[in-house]
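Reading through the structure tokens given below for one structure.
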Protein chains: 2
Amino acid sequence: MNFEEFKEIVVSHAKSNSQDAFTENRKDIRVKKEKTVVKNLERIFEATLKIGNEKGFHAMSMRDLSEETGLSMGALYAYFKSKENLLVMLQRNGRDSFQQILEQSVTEEAGPLENLKIVIKTHLFMSEAMLPRFYFTYMEGKNLNKDEKKIAVEHEMTSDGIFTDILKQGEKLQVFKPHNHELTTAVIKAMLNDWYLKRWKYAKLNVSVDEYAEYLLRVVEGFCLAQPQP
Amino acid sequence: MNFEEFKEIVVSHAKSNSQDAFTENRKDIRVKKEKTVVKNLERIFEATLKIGNEKGFHAMSMRDLSEETGLSMGALYAYFKSKENLLVMLQRNGRDSFQQILEQSVTEEAGPLENLKIVIKTHLFMSEAMLPRFYFTYMEGKNLNKDEKKIAVEHEMTSDGIFTDILKQGEKLQVFKPHNHELTTAVIKAMLNDWYLKRWKYAKLNVSVDEYAEYLLRVVEGFCLAQPQP
DNA sequence: ACTAAAATCGAACGTTCGCTCGTTAAAGAG
DNA sequence: CTCTTTAACGAGCGAACGTTCGATTTTAGT
């Protein structure tokens, strides 16, 4: 699997994205017709991600958002009840689709090594396909309130669990060396996150996402595999 | 070298820290007596880092800063000419002392492997000793203006160069495998940064900074060493 | 103790913020 | 076309923002 092949999976998921956001936040949204909500929520999310990536969510004013979306101040507030609520909606929405895709990527039939490759590539390609979302989610996570932050941490631990389970299974089947697998997961994630956090660096190094994937896999295999590759 | 031994190096450097900030920004500071400036700049920096880590620099108001430092609004503005200028001062100051310590840690006599170990540990221990500074610098870097952002990128490339040079030297001496050393540096840095970016995770895993250092070195050695360790 | 310089103070200023609400425009049914 | 529901509008609100500046206090040399 390379990035080009993966892209289609994401695009098809993205369409159901703001639809989920509608059903999830129905009670806070004053507009009734689903088609209108989906259309405008998509505009609002996209604009928020754009401005948020440029100057940060806190520095974005509702007047900025109004101009970018083409909606008036009053219209905006028909789709969310406060600025903070908009942030929460975006974060939840991003987390949910991320987790959904990542969990679906793992299969029982595939061996641990194959599964590890799959989740690494899926994580990486997803962040590449939805770069503004990932960057925004990472950077603005600290601005959430205490409850939402707790949920975000739980989500991260769940997705870490997917990696750790694969590593543990691999150790049992003697495919991987024994290690502190939670720690291994942490450093793998660190490398995965760097792809979208330090985008300018990889652009300057002229490394494609497929090349980065191969490189990461070599690093991980070098550390994890019980029997080193030739 | 473990963290306990390293800490003293940092503490001794930290004292000259706000003194440098004074000489560097003398023209923008209205207060004349160096001793007063050093004392209050230290208070201001510390308070900014504290509030900045809690709610972000942009969300910190000058009234927050006034309360935390115990200085009035007017007094604060005797030490910097604007809020943005305060951010720039903090970032420059942090970058400079970071680079200084990192460059001093490398020695000609030591071999590539030893030097690689040293810079990794130095980077990691420094971030541990000055955690709020590192977190703040990383997270608020995106809020800098275009010129300052460019300088920040140049600084990062310089410090990446320290790592890359060691790796290249190691390849020439056949201590390290041939690789894309710039890319190796990038992923090493990603893992180093994760220590202070995802502090809660490592706390939850109950991993000390010394243990993390050893773990990182094993990952890097597994990937870089020409002749695998026993 | 006196005084000039240095440092600190905090009310006040103009601007911008998130958000509301009375009003207007658009959509849809009969 | 009419009437009712739904969506969009944007001027205006009070609060909070960064910043200033004349008044006040502290410091230090004599």
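Any read-out appearing in this document is the output of simple, stated calculations on the displayed coordinates, not a laboratory observation. What you are looking at is a predicted structure, and each value in this text was computed from that prediction instead of being measured. Note: ideal-geometry Cβ built from the backbone for every residue, glycine included; neighbour counts use all protein chains shown.
For beta carbons closer than 8 Å, sequence separation of 6+ or different chains, a first residue in the range B:75-98 that is away from chain A (no Cβ under 14 Å) and charged (D, E, K, R) and a second that is in a helix (DSSP H, G or I) and within 14 Å of DNA strand D (Cβ to nearest atom), the qualifying pairs are B:LYS81/B:ASP28.
Assess whether B:GLU109 counts as being away from DNA strand D (no atom under 11 Å from the Cβ), out of contact with any strand residue (DSSP E or B) (no Cβ under 7 Å at 6 or more places or on another chain) and not in a helix (DSSP H, G or I). So B:GLU109 fits the description; yes.
Criterion first (more than 11 Å from chain A (Cβ to nearest Cβ) and either in a helix (DSSP H, G or I) or charged (D, E, K, R) (or both)) does B:LYS168 satisfy it? The answer is yes for B:LYS168. Every condition in (1) within 30 Å of A:GLN174 (Cβ to Cβ); (2) out of contact with any Leu (no Cβ under 7 Å at 6 or more places or on another chain) holds for A:VAL119 except the one numbered (2).
Each row is one residue, and each column tells you yes or no for (1) within 16 Å of DNA strand C (Cβ to nearest atom); (2) not β-branched (Val, Ile, Thr).
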{"residue": "B:GLU54", "(1), (2)": "no, yes"}
{"residue": "B:LEU71", "(1), (2)": "yes, yes"}
{"residue": "B:VAL88", "(1), (2)": "no, no"}
{"residue": "B:ASN93", "(1), (2)": "no, yes"}
{"residue": "B:GLU114", "(1), (2)": "no, yes"}
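Table: residues versus (1) farther than 13 Å from A:GLU140 by Cα; (2) in contact with a Gly (Cβ under 7 Å, 6 or more places away or on another chain).
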residue	(1), (2)
A:ASN40	yes, no
A:GLY56	no, no
A:MET60	no, yes
A:ARG63	yes, no
A:GLU68	yes, no
A:MET73	yes, no
A:LEU76	yes, no
A:PHE80	yes, no
A:LEU86	no, no
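A Cβ distance below 6 Å, combined with a sequence gap of six or more or placement on separate chains, defines the contacts here; from the range B:208-224, residues that are more than 8 Å from chain A (Cβ to nearest Cβ) reach residues that are of a type in the set (Asp, Glu) and surrounded by 17 or more Cβ atoms within 10 Å (Cβ to Cβ) in the pairs B:VAL209/B:GLU128. Scanning the range A:197-207 for residues that are within 11 Å of chain B (Cβ to nearest Cβ) and within 17 Å of the chain's Cα centre (by Cα) yields A:LEU197, A:LYS198. Just checking, does the range B:144-161 include any residue being facing chain A (nearest Cβ under 9 Å), touching a residue at least 24 places away in the same chain (Cβ under 8 Å) and outside any helix (DSSP H, G or I)? No, the range B:144-161 contains no residue that is facing chain A (nearest Cβ under 9 Å), touching a residue at least 24 places away in the same chain (Cβ under 8 Å) and outside any helix (DSSP H, G or I). A:HIS179 meets the conditions (1) assigned to a helix (DSSP H, G or I); (2) facing chain B (nearest Cβ under 9 Å) in every case but one. The failed one is (1).
Taken as a whole, the range B:89-97 holds at least one residue that is in a helix (DSSP H, G or I), under 23 Å from B:ASP147 (Cβ atoms), more than 16 Å from DNA strand D (Cβ to nearest atom) and among the acidic types (Asp, Glu). Screening B:ASN85 against (1) within 12 Å of DNA strand D (Cβ to nearest atom); (2) surrounded by 15 or more Cβ atoms within 10 Å (Cβ to Cβ); (3) assigned to a helix (DSSP H, G or I) leaves a single unmet condition, (2). When A:ILE101, A:ILE120 are checked against the criterion of being within 14 Å of another protein chain (Cβ to nearest Cβ), in contact (Cβ under 8 Å) with a residue 12 or more places away in the chain, away from DNA strand D (no atom under 16 Å from the Cβ) and hydrophobic (A, V, I, L, M, F, W, C), a single residue qualifies: A:ILE120.
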